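In what follows, a structure is listed as structure tokens, so that the remarks can point back to it.
The values are calculated or read from the model by the stated rules, or taken from the named source; none is laboratory data. Not measured: the values here are computed from a predicted model. Reconstructed Cβ throughout: ideal geometry from the backbone, glycine too, with neighbour counts over all protein chains shown.
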Amino acid sequence: MRNHIIMFSGGLSSFSVVDYVKETYPEDNILLYFNDTLWESYDLYRFIYEVSDKLELPLLTHSMGLTPIQLMFEQKVVFNNRIGNCSKYLKMKVAGDFLIKGKVPKMEKWHNRQFLKSEDFVSDATLYFGISFAEAHRVKGIEKNWGKNFNVRFPLIEYFIDNQEVLEKWDIKIPTLYQLGFSHNNCNGRCVKAGMAHFKRLREKMRDVFNKLVEQEHYIKLYVSEYHYIKNLEVDGLDDEVKALWHKNLDDCYRDYFYDRASRPKVYIPTDLTINQYSFMKRNGGPYPLAKFGRDLSGWKGWSDEEEFDLKFDHAGCSCFVDFGQNSEGDFFEDENFQVAMAI
């Protein structure tokens, strides 16, 4: 009996891979493996549990215990299309530490564990990824980072599989984000590596989610800007102990907000009135905050011509398990210094 681990993102492509493995190796040990960012749509959880139930396959969920915005807070960085630490840490790092090193993350949850045919589901396992032919350029990165320890396969490249037919076959409702026109089912449409077309759709289809993200982007910008101002400040007589006290005060003002224990940060008087402009999106080489994007779309100052925006493509999705950024030339999973410093 062989082991098969499906990197199950909650998307349609990875579900088609689940169907392929279930139908091809019905007597083998099959595991659905999901890395939770804790920022997902409620309907994503409905979908992955329904897949597990109807196909009678065990689902293992692992999480670092942080959302992307909380990870930004802990790392003092505002992520964007060039800095994708959310996928790097919350998905790749969690999965790599467990599957390769055997390290169980902070949060672990099983669903339908009774369908697991062997508790040793990692040894000599084949990993499956829902990468389609159109995404074949991602294969090399996946093979490089996972191929040392596992056999890696991409059924949607090997075979033509119709996602809609698979949904109808198992009588499973398509996830809500797809119904709204999004190209993926991750992070409830809040992927910080997305582009203008994606955020325009989020603003139109899920205004409450968009507005909350505008607010969070604003406050994480203020926090990160002030943190680095204090860190880099050089004044005679200002020692590290004083800086540590200032940082602690800053942390105390913002932590409860980013951990959803308060509706707003506490009042904080900045050390300096200069604010570095950080944002998820970029435009013309510079920051482009969601608040300004929303005002521009609304015709703020009479400017709303969509030809002025890059709305031709729906740039979204974080290329999970592939985009290793500046660390891509090294061994991501063997880097013991690749850690998150948290004081939750």
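Applying the selection to region 244-269, what residues are part of a loop (DSSP other than H, G, I, E, B), at pLDDT 95 or above and loosely packed, with under 12 Cβ neighbours inside 10 Å? Lay out the reasoning, then the answer.
First, pick out the residues of region 244-269 that are part of a loop (DSSP other than H, G, I, E, B): 259-269.
Retained after the next criterion (residues that are at pLDDT 95 or above): 259-266.
Of everything in region 244-269, those that are part of a loop (DSSP other than H, G, I, E, B), at pLDDT 95 or above and loosely packed, with under 12 Cβ neighbours inside 10 Å turn out to be D260, R261, S263, R264.
May I ask you to list the residues in region 197-224 that are within 18 Å of the chain's Cα centre (by Cα) and either part of a loop (DSSP other than H, G, I, E, B) or aliphatic (A, V, I, L, M) (or both)?
First, the residues of region 197-224 that are within 18 Å of the chain's Cα centre (by Cα): 198-199, 202, 209-210, 212-214, 216-217, 220.
Hits for region 197-224 are L202, V209, L213, V214, I220.
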